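Heads up, the thing below is written out as structure tokens.
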Amino acid sequence: MNHLPVLLVVIPLGFAVLTSLVALLKESLVGLVWFTGAVIHAALLLVTAGLVVTYGGMVYAVGAWAAPIGIVLVVDGFTSLFLVIIAVGHVVSAVFAMNEGRAERPTFGVLMLLIVTALSGIAVAGDLFNLFVFLELGTVSTTALIALKRRDDVAVRGFIYLIYASLSGILYLLAVVVLYAQTGVLTIAAISTVVAEMPRAAVAVAAACFIGSLGIKFALVPLHLWQAPAYQAAGSTACAFLSGTAMKLYLCALLRILFHGLRVHETLPALFPTLLVLGLVNIVVGHLAGLAEPEAKRLLAYSGVAHVGYILTGVAAVYGITVVDQRAAVLLAALIHILMHSLTKTTLFFAFRRITARFRSSALREWRGAARAEPVACAALFVAALAIVGIPPTIGFFSKWLIAVSVFRAFGLIPVLVIGLGTIISMIYYARVATWALALGDAPTGRISGRHRGDGKTDGVEPTRERTLPALRFMPAVLMGTGASVALLLGPGLPWVLPLLERAALAISDAEPYIALVLGGG
Amino acid sequence: MSLLSIAELTQVERSLLVVFCLVGAIGVASVSRGPGRSVTVAALAHVVGGLLSLFAGDLITLLVSWEILAISAFVVIRAFVIRPHSNGATVAAVDDMDRTSRVAFHYLVVQIAAAVLFFVAIVVQYSYQRTVRITALVPAASGWIIAAVAIKTAMIPAHGWLITTYGAVPSFSLVLLAAFSTKVGALTAARLVPEGGYTGLVWLAAAVAAVAPWMAVRQYSMRRLLSYVLIAQVAMVLVGVGLSGGDGPGAARDLALTAARFHTVNHILYKTLLFVVAAMVMERVGHDDLRYMGGLWRSMPLALGAGIVGVGAGIGAPFLNGFTSKELLKHVVESPYIGVLLTVSTVGTALALFRFLDGAFFGRASAPTADRPAGSLWLTVSAPLLALICVLGGLLPTVVSGVSEPRVYSAAAIRSAMILLAAVLLGWIGVRHSLLAAAPGSQWGEKAFTGLGARLYAAVTWGALGVRRADPRTLVGLTVVLVVVVVLALVGVW
């Protein structure tokens, strides 16, 4: 069990190689190998998270070189939450992709395994340079996932993301250069011990560069412009994973660097009002763009932009708190929101994918009668939408409520009003989807022809054509149903997952245990 | 934070519970007659939402009840086709939705906006009190509650949603919809009274109570007329709520709240009765335009009798339930100005309801000759049942309210009410010919918010479409600007 942290990175990487070798021999086995890898890796992730929650953190020194010199991989209470998110997101995506017929493309499975490698690495990396390596691995695999479909402008959108991500890399390295010049170390825990003596301006520049760099990855306004076109281009499964899982890991990295590495709550309290403004801008811009959006996946992309704003607002609410426990209580709200968004956004992408496949169109206004044509997908869509809008008693309400209460303590009424405004706007655009889905329109009943139905008239309904829907419907329905019901029931059932979340919040809100874990234990 | 806690109920609240159950049953039965059978579930959920708002022992449960009401009403409205009406669709045009969708969509958005204001209020309340239990409101929260309740109870000028929805939905779903939403808004305000009382709510509500009936008089659509009367009655409830928690002694405060709840009980009963009568009439004649009705007294004596009881209760005729709670409210009111406003309201309500009754049953048009269905069983049963309850409530006010104030129901009060109503009746008989023929169909203020909303929506759409292009050339600039701004913010503040 001593080698668990490194296995978390090595296993998916190994399966990625294995999958590409199998693809050369027998393409039909690719899905199976990918799925096996996903399950094994998820089991490892969950076991690790369980062990950490039970026995405390683990440190793995690669090559047995101790911390300040060698490379360390760290799993603590904060990491364990994200390990669970990766595990669930990966397995669910694999099941969904296999049932939606996406797994036949060998590259998709390989890329998913690669991005999971990168995300696991981001979660466990204990020093800034390894974090950078995994971020870059994530960039490469994300670009390929975006540009995977062979359509006209898809490559352009992947390329745009690549440019954005390179800029993100440059900013990251800039921050690393500043920190390395000041401290002479790259291990996050080692930086944390000396960051108090650094000039404040250096900390500020490093923090700003990290925010800009990772902000590009998780779509911080105005660096979100790559996201909607990229999601439109990418497949729905890839989108669900990128938005539901990958985006959370970039937030994880940012929180780790800010709270553990730079100890911003002590060295740079002015960061939190700044984060608040960024978060509120994200909420407003994301929701307004979503309001104007007629296309399904772009809508969800903008909704994701807005929810990054909620999470940042929740983080900003620790402003002025000096007691660790109180800080943990505030950060808990942001972490619940992360969990909520991961759950609901994945469900929404899956549901949208089903309806898009049925209607052969991702234009929302063409989904007339979707509720009758795809009842399970629509039910899941409605429940998940209620949760993500934050209607009680879903989990979304509780995270929104906790964020609003804590941000009211720190910054007064205006952020609460912005959160309320966001609720109204998001209710408008999801109600619009619901209205079209419930419309007594001409739902296509049988197999759908390959043609796009331009004006919503019945020309597309022709009994059987060669391009049919995938036969396996059962598992996606189960997945969507589970996602929606968990989102609904986790509101009242929040105490069940609270131990994990509270431990994560406590771990991120104080740097000392982390330093003791990495440097003290050796 | 407990998710669901149950409040203790006083006697008048228990009466509310009974009335909610009764009216809810009538409403669900009424809705389930419609073409969509699955909508019964939503109708039941609507009733559950209303009941939950009575039981709710904490703020979050109360918010849940608001949301349940909004979403279930959305489904109920959505389920039945709304035909275009000559009286103008005033809902903001949203893309290419049909009329039913637009009405439902508009309703939902307004209700969610009210719920969000309520959310803001309870965030503020929780932040000061550190509990979600229902306690006296802090002053910082009361403004938000007033705003939320003003939308939920359709106080003018936020009444557009109610008129466009209630004026458009089929009569059988209107019986259900009109029963809960606004009343729950007013009752929520009654649950959450601030320490020093609401400031300004009395005057807002009294002004609305005085103005709304006169807008009702100008309607020729039955549903819209009754909707305006409903607004006036709910405003009267809010007058009672606004009077509670003032400087007066505790007993007077409690009496004001009891009066408000008592009026809610009576209002739900006779308003549902009126909507049931309207539904019977609409079923008979096939439209709801008072200008082209009349002569129904011959063929629908039951509806006429029930309508007379309903109208009598609505205008506060003695020995009917509306009188008892109105007198209790007047007893609570101390300011003479508010008393005058309430009298203006009574006169206007009387005129509007006379117009309704006179136009439908005795109006200029002759009775329809076409053989239409004679009305369904549930209508024929529920109308006399509700009428009977209205009479009993008028005769036994203490049973419902738990308040025995002999002074309130004195001979002098009965006499003055009789004189006022008789005067209005005489006045109505004098002007009925000209008023029944006139058809101004006032829509004042109904478009104020929806028009603004449509324009805002268009502007936002235009603006957001403009920034959708992911141009890599602007990226470097944006990134640099962001980082510099963040650095400046960080360096500048400390």
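The values are calculated or read from the model by the stated rules, or taken from the named source; none is laboratory data. Fair warning: this is a prediction, and the values are worked out from it, not measured in the lab. Here Cβ is always computed from backbone atoms with ideal geometry, including for glycine, and neighbour counts include all displayed protein chains.
Looking at the range A:138-154, is at least one residue part of a helix (DSSP H, G or I), within 21 Å of the chain's Cα centre (by Cα) and under 30 Å from A:Pro513 (Cβ atoms)?
yes
Which members of the range A:405-421 meet the condition of being under 21 Å from A:Leu332 (Cα atoms), more than 8 Å from chain B (Cβ to nearest Cβ) and assigned to a helix (DSSP H, G or I)?
A:Ser406, A:Val407, A:Ala410, A:Phe411, A:Pro415, A:Val418, A:Ile419
Just to be sure, is A:Ala487 touching a Lys or Arg at 6+ places or on another chain (Cβ under 9 Å) and either over 15 Å from A:Asp325 (Cα atoms) or of a type outside the set (Lys, Arg) (or both)?
no
Does the range B:333-340 contain any residue that is modelled with pLDDT of 80 or more and buried (at least 24 other Cβ atoms within 10 Å of the Cβ)?
Within the range B:333-340, not a single residue is modelled with pLDDT of 80 or more and buried (at least 24 other Cβ atoms within 10 Å of the Cβ).
Residues to consider are A:Val478, A:Val497, A:Val433; find the one that is buried (at least 19 other Cβ atoms within 10 Å of the Cβ) and modelled with pLDDT of 70 or more.
When all the criteria are applied, what remains is A:Val433.
Could you list, in sequence order, all residues of the range A:132-172 that are without any contact (Cβ under 8 Å) to a residue 60 or more places away in the chain and over 19 Å from A:Ala219 (Cα atoms)?
Hits for the range A:132-172 are A:Val133, A:Arg150, A:Asp152, A:Ala155.
Where in the range A:242-351 are there helices (runs of 4 or more DSSP H), lying wholly inside it, with at least 2 residues that are under 13 Å from the mean Cα position of the chain (by Cα), more than 13 Å from chain B (Cβ to nearest Cβ) and touching a residue at least 12 places away in the same chain (Cβ under 8 Å)?
Correct list: A:247-255, A:296-316.
Inside the range A:352-373, can you point out the residues that are surrounded by fewer than 24 Cβ atoms within 10 Å (Cβ to Cβ), part of a helix (DSSP H, G or I) and of a type in the set (D, E, K, R)?
A:Arg358, A:Arg365, A:Glu366, A:Arg372
Per-residue answers, yes or no, for (1) modelled with pLDDT of 90 or more; (2) more than 8 Å from every other protein chain (Cβ to nearest Cβ); (3) under 30 Å from A:Ala371 (Cα atoms):
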residue	(1), (2), (3)
B:Val81	no, no, yes
B:Ser86	no, yes, no
B:Ser101	no, no, yes
B:Ala114	yes, yes, yes
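Taking B:Phe119 as meeting all but one of (1) within 8 Å of another protein chain (Cβ to nearest Cβ); (2) over 26 Å from B:Ile146 (Cα atoms); (3) modelled with pLDDT of 85 or more, write down the number of the exception.
(2)
Of everything in the range A:475-504, what is under 29 Å from A:Arg354 (Cα atoms) and either of a type in the set (Gly, Ala, Ser) or in a loop (DSSP other than H, G, I, E, B) (or both)? Give them in sequence order.
A:Ala477, A:Gly481, A:Gly483, A:Ala484, A:Ser485, A:Ala487, A:Leu490, A:Gly491, A:Pro492, A:Gly493, listed by residue number.
Only one of these is facing chain B (nearest Cβ under 10 Å), of a type in the set (Ser, Thr, Tyr) and buried (at least 19 other Cβ atoms within 10 Å of the Cβ): A:Tyr231, A:Tyr161, A:Tyr172. Name it.
A:Tyr161
Does any residue of the range A:41-52 turn out to be among the β-branched types (Val, Ile, Thr), touching a residue at least 24 places away in the same chain (Cβ under 8 Å) and surrounded by 21 or more Cβ atoms within 10 Å (Cβ to Cβ)?
yes
Go through the residues of the range A:74-85 one by one and say whether even a single one is crowded, with 24+ Cβ neighbours inside 10 Å and farther than 30 Å from A:Leu501 by Cβ.
no
Quick check: anything in the range B:137-148 in contact with a strand residue (DSSP E or B) (Cβ under 9 Å, 6 or more places away or on another chain), surrounded by fewer than 24 Cβ atoms within 10 Å (Cβ to Cβ) and not in a helix (DSSP H, G or I)?
Scanning the range B:137-148, I find at least one residue that is in contact with a strand residue (DSSP E or B) (Cβ under 9 Å, 6 or more places away or on another chain), surrounded by fewer than 24 Cβ atoms within 10 Å (Cβ to Cβ) and not in a helix (DSSP H, G or I), so the answer is yes.
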